[in-house]
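Read the figures in this text as sums done on the coordinates, not as results from a lab. Just so you know, these numbers come straight off a predicted model, no measurement behind them. No Cβ is skipped: glycine too gets one built from the backbone with ideal geometry, and neighbour counts run over all protein chains shown.
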2 protein chains.
Amino acid sequence: METTVRNKQVILKHYTKGFPEESDLMIATALDTMELKVKPGSSAILVKNLFLSCDPYMGTFMREPDSGSSEVAVETLPLLDAFLPGKPIAGVGVSEVIDSDDPGFAKGDFVWGIVGWEEYSTVNSFGRFRIDVNIDVPLSYYTGILSVTGLTAYAGFFEICSPKKGETVFVSAAAGAVGHLVGQFAKLMGCYVVGSAGSKQKVDLLLDKFGFDDAFNYKEEPDLNAALKRCLPQGIDIYFENVGGKMLDSVLMNMNVHGRIAVCGMISQYHIESKEGIQNLPVVIYKRIKMQGFLALDFVDRFPKFLDYVVPYLNERKLVYIEDIVEGLENGPAALFRLFQGQNIGKQVIKIA
Amino acid sequence: METTVRNKQVILKHYTKGFPEESDLMIATALDTMELKVKPGSSAILVKNLFLSCDPYMGTFMREPDSGSSEVAVETLPLLDAFLPGKPIAGVGVSEVIDSDDPGFAKGDFVWGIVGWEEYSTVNSFGRFRIDVNIDVPLSYYTGILSVTGLTAYAGFFEICSPKKGETVFVSAAAGAVGHLVGQFAKLMGCYVVGSAGSKQKVDLLLDKFGFDDAFNYKEEPDLNAALKRCLPQGIDIYFENVGGKMLDSVLMNMNVHGRIAVCGMISQYHIESKEGIQNLPVVIYKRIKMQGFLALDFVDRFPKFLDYVVPYLNERKLVYIEDIVEGLENGPAALFRLFQGQNIGKQVIKIA
């Protein structure tokens, strides 16, 4: 095996403005060679990255942190720094340990956690999880259903929304990585589940593959309020929010008393100059609605419990998990922008090695 | 004592549109006489009303329920029906029992609960509380600090916001009936408390009488965001929301991670044609903010605990409670519109008898 490499990376060219484009990123191969060894005493872990996760929030990390964009508040995140021009972007990845000065990790271990978008990363143990290879699932699942994506769906639905059997659940961006899991968790719980998505193909998937009770293509609905009333005439007890904007405004009008809204994302608002104002917030008073933003990282202590919940369903094929895998780090930027444009179906993953 | 009366009432003339006006109400004396006796077997309670509470939400109840105004959702309230043109409006009142067919209430009892704005009301026991006359406070306090107003401040602050000593608290409409209590509860808890109000006189009261650490007049601040940063450079842990609109948008930008927002009211939005859209909601995600609408009626089981908390502070003069009392039912409409226009200081009360 080689002992030095020239690391290939996906670099942020410059801070983005407005909707990010593929050309805001570039592929670069380091001029310097990198030794595949960690320094003794450094507590570092050297990993070879195998799979990378594409996530909607990454677009917001490509903007200048102080540019006044309201959703960018990366200083609040302990695990992930803002992206810097000239440096590789970063995200959740699955990696193999090549060398380690940390006693908790050994050469040959498979791990997941935040890594740079590059072939090799030098990382530490903070927020790094060893993968149990005895669990019979594809390694790529640890970019999604068995890591942040899955924990996001699980914690947002169960911990934030406290669902009860028979309640009605609406999920936006329901064919997305998080959404299609939330919908299935809700069905397994005995809820009535409706999803929205942005194409006929996705709506068909929701109905035929993921077992949603009803679904609609928001791009084909002239009146979102009417679409919600048609699909959920009994009102909405739980809304799993992924999109924001006009959808949220319409959902608020259809929420039931004591409804709960888990705010996981607001992707429709991430890359527009002037955000759509939400006008119907006053209904949260009489309807006594709880709206709560959350991140999976606040629920890492639930991770073992989450695996106990989700792995048996996967093994029994009671949970359908779809990945949209693009091969090659050089195709990473294209994969990420497919996601930003909603062209992916299921979890968008890059296979590097 | 007289046995029949002609009941004087404050009647809603017609459903209101836009900002309500005093002329939307009228004073009427019934042509028919009313016997001061309840029918045997009716389980009814006949009360003579002594004090009435003026509350911001009452303005929203004067509009047609189906007029599409988003905050009007009176069907969700078990205790209070929408106001009807030609009928008396209603609200919290303190009354004396004149006659009762309900075994739980006897002639001479003092009670509080929802009553019509009229001299005499026939009511039932649902949501009716007997006043303990051994507690040495003015009877009028049961329109406010010792009933819905006080429970609203208590439940919103303690139950929704789970405050901790040393946290920062911002209260809008802080000189109002609920706001001035929340601020004092927060100070008693050991929090750093800032309030906003709409006049210099109110700001002075916050600082001099109610013990707020800082306060500002929102009408004099060209930039609410800057005002909040000046008064709360360490950010806001807890926001007690009474006003909505631009203030909420600015507060969102100044909330700390894991902040909590108790949504008690959004009075700035109740009577305007086109609501101000809230643009900064996406920050709730990275900041993991909980925003929760609530009504005191969901916390009636905490009422005894609340009295145990608040009465000693009142008796020890550790809590300042200010009432703005107008005399005479015929001056009720004027008192209510004083409140809608923010001209009251402290709890707006009408003394009828």
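Normalised by the number of residues in chain B, what is the relative contact order in percent for Cα pairs under 8 Å and 6+ residues apart?
Numbers: 757 pairs, mean separation 62.2, N = 353.
Value for chain B: 18 percent.
Which ³J(HN,Hα) values, rounded to whole Hz and listed in residue order, are derived for region A:132-139 from phi using the Karplus coefficients 6.51, -1.76 and 1.60 in 6.51 cos²θ - 1.76 cosθ + 1.60 with θ = phi - 60°, glycine and proline given as x?
Couplings: 7, 6, 6, 7, 8, 9, x, 4 Hz.
Nearest-to-axis residue of chain B, judged by Cβ, for the B-to-A rotation, with distance in whole Å?
Closest Cβ on chain B to the axis mapping it onto A, in Å: B:Gly277, 1.
What would the Debye equation give as log₁₀ I(q)/I(0) for chain A at q = 0.09 Å⁻¹, counting only Cα atoms as equal point scatterers?
-0.50
Going by amide H atoms built from the backbone, whose H comes under 5 Å of the H on B:Ile236, apart from near neighbours?
So B:Ile236 has HN proximity to B:Met255, B:Asn256.
If you place +1 on the Cβ of every Lys and Arg, -1 on the Cβ of every Asp and Glu, and leave all else neutral, what size is the dipole of chain B about its Cα centre, to the nearest 20 Debye?
In debye, rounded to 20, chain B gives about 800.
List the distances, in nm and shortest first, from the label point of B:Pro85 to the matching label points in every other copy, placing each point 7 Å from Cα along the Cα-to-Cβ direction.
Going from nearest to farthest copy, the values are 6.3 nm.
About the Cα centre of region A:148-297, how large is the charge dipole given +1 on each Lys and Arg Cβ and -1 on each Asp and Glu Cβ? Please answer in debye to the nearest 20.
Computed charge dipole of region A:148-297: roughly 300 debye.
Quickly estimate the mean residue ellipticity at 222 nm for chain B, helices only: each DSSP H run with n ≥ 4 gives -39500 (n - 2.57), and the total goes over all residues, rounded to 500. Before the final figure, lay out each step's value.
Values: 8 runs with 73 residues, N = 353.
Dividing the helical sum by the residues of chain B leaves -6000 deg cm²/dmol.
For the protein assembly as shown, what number results from the quotient of the Cα radius of gyration and 2.2 N^0.38 Å? Let's see the in-between values first.
Values: Rg = 29.3 Å, N = 706, 2.2 N^0.38 = 26.6 Å.
Expressed relative to 2.2 N^0.38 Å, the Cα Rg reads 1.10.
Can you give the average number of partner chain beta-carbon atoms within 10 Å of each beta-carbon in peptide B:258-271, as a whole number?
Mean shielding count: 2.
Toward the positive end of the charge dipole of the protein assembly as shown, about the Cα centre and with charges on Cβ (Lys, Arg +1; Asp, Glu -1), which of B:Ile45, A:Gly86, A:Ile114 goes farthest?
Toward the positive end, the furthest listed residue is B:Ile45.
Per residue of region B:335-347, what does 6.51 cos²θ - 1.76 cosθ + 1.60 with θ = phi - 60° give for ³J(HN,Hα)? Whole Hz please, x for Gly and Pro, Karplus curve as stated.
Karplus-based 3J(HN,Hα) across region B:335-347 equals 5, 4, 6, 4, 5, 4, 8, x, 8, 6, 10, x, 6 Hz.
Pull up all non-local amide H partners of B:Ile261: gap of 5 or more, or a different chain, and H-to-H distance under 5 Å with H placed in the peptide plane.
Hits under the 5 Å cutoff: B:Tyr239, B:Lys290, B:Met291, B:Gln292.
Are there trypsin sites (Lys or Arg not before Pro) in region B:296-336 that DSSP marks as loop and that have at most 16 other Cβ atoms within 10 Å, and which are they?
Qualifying residues, ordered by number: B:Arg317, B:Lys318.
Can you find, among B:Cys264, B:Asn124, B:Val251, the residue farthest towards the positive end of the dipole of chain B? Put +1 on the C-beta of Lys and Arg, -1 on that of Asp and Glu.
Value: B:Val251.
Select from region A:72-175 those trypsin sites (Lys or Arg not before Pro) which occupy a DSSP coil region and have at most 11 other Cβ atoms within 10 Å, ordered by residue number.
Those satisfying the criteria are A:Lys107, A:Lys164, A:Lys165.
Per-residue mean of other chain beta-carbon atoms within 10 angstrom of the beta-carbon, peptide B:293-302?
Per residue, the average neighbour count from other chains is 3.
DSSP loop (so not H, G, I, E, B), at most 13 other Cβ within 10 Å: list which GluC sites (Glu not before Pro) in region B:255-337 pass both filters.
Listed in order of number, the matching sites are B:Glu273, B:Glu316.
Please tell me which of these pairs span more than 18 angstrom C-alpha to C-alpha: A:Lys164/A:Lys200; B:Lys202/B:Lys318; A:Lys187/B:Lys290; B:Lys202/B:Lys347?
Exceeds cut-off: A:Lys164/A:Lys200; B:Lys202/B:Lys318; A:Lys187/B:Lys290.
Amide H neighbours of A:Leu25 under 5 Å, at least 5 residues apart or on other chains, H built in the peptide plane: list them.
A:Lys13
Between copies, how far apart are the A:Gly328 label points? List them in nm, one decimal, shortest first, with each point 7 Å from Cα toward Cβ, please?
8.8
Give me the angle, in degrees from 0 to 90, between the Cα long axis of helix B:245-254 and the longest principal axis of the Cα atoms of chain B, rounded to the nearest 10.
For B:245-254 against chain B, the angle is about 40 degrees.
Can you tell me the 0 to 90 degree angle between the C-alpha axis of helix A:303-315 and the longest principal axis of chain A, rounded to 10?
For A:303-315 against chain A, the angle is about 80 degrees.
Provide an ascending nm list, one decimal, of label-point separations from B:His14 to the equivalent residue in each further copy; define each label point as 7 Å from Cα along Cα→Cβ.
6.1
How would you classify region A:192-271 from its alpha-carbon gyration tensor, with a ≥ b ≥ c the square roots of the eigenvalues: rounded for a/c under 1.5, else prolate if a/b is greater than b/c, otherwise oblate?
Cα axes put region A:192-271 in the rounded bin.
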